[in-house]
Amino acid sequence: MLTVTDKAAEKAKTILTDEGKAQHGLRIFVAGSGCCGPSYGLNIEESHKPEDEVIEKDGLKIFLDKETSVTLSDKQLDYYVGTEGEGFIFSGGASTCGSGCSGGCGE
């Protein structure tokens, strides 16, 4: 199952509140795939779908369809702030990215 750090949960709740959608949830979905594996998207949604896995962390609701749940089963959602910028990141699990991956893949 996807785990969510305290930092990621707090940032997501702040974003939902700032958007006036504090009672909504965050949908994570597979947005595409490259040579380095899947890439993910995030949307704000009012409610989950009947077939969704719902993860709750400190009042934050995260909605995952079956495909996304499987691909994120051994990963962690965190929020990164650094010199390169900031944003939600996924870490952990097996990586499919190798030394043959060059510019443009895994977008």
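How much length is gained on full extension from E56 to Q76, taking 0.36 nm per residue of separation minus their Cα-Cα distance?
Extra length from E56 to Q76 when fully extended: 5.8 nm.
Is the shape of segment 8-53 rounded, prolate or oblate, going by the alpha carbon gyration tensor and its root eigenvalues a ≥ b ≥ c, with a/c under 1.5 for rounded and a/b larger than b/c for prolate?
oblate
Extending each Cα 7 Å along its Cβ direction at S47 and D65, get the distance between those two points in nm, one decimal.
Roughly 1.9 nm, to one decimal.
Using a 1.4 Å probe over the heavy atoms of the protein chains, calculate the carbon and sulfur portion of the accessible area of the chain as a whole percent.
49 percent
Taking the Cα atoms only, what angle lies between the long axis of helix 6-18 and the longest principal axis of the chain, rounded to 10 degrees?
The answer is roughly 60 degrees.
Probe of 1.4 angstrom, ligands and nucleic acids ignored: what's the accessible area per residue over the chain, in square angstrom?
Counting only protein heavy atoms, the per-residue value for the chain is 60 Å².
For the chain, what is one quarter of the convex hull surface built on the Cα atoms, given in nm²?
7.2 nm²
Using DSSP to define loop residues, name the GluC sites (Glu not before Pro) in segment 1-70 whose beta-carbon has at most 12 other beta-carbon atoms within 10 Å.
E19, E46, E51
Would you tally the net charge around T71, using a Cβ to Cβ cut-off of less than 13 Å, leaving T71 out, and scoring K and R as +1, D and E as -1?
With Lys, Arg at +1 and Asp, Glu at -1, the neighbours total -2.
The values are calculated or read from the model by the stated rules, or taken from the named source; none is laboratory data. Here the structure is a predicted model, which is why all the values come from computation and not from measurement. Glycine gets a Cβ as well: all are built from the backbone with ideal geometry, and neighbour counts include every protein chain shown. With ligands, DNA and RNA removed, areas are computed over all heavy atoms of the protein, side chains included. Shrake-Rupley method; radii C 1.70, N 1.55, O 1.52, S 1.80 Å.
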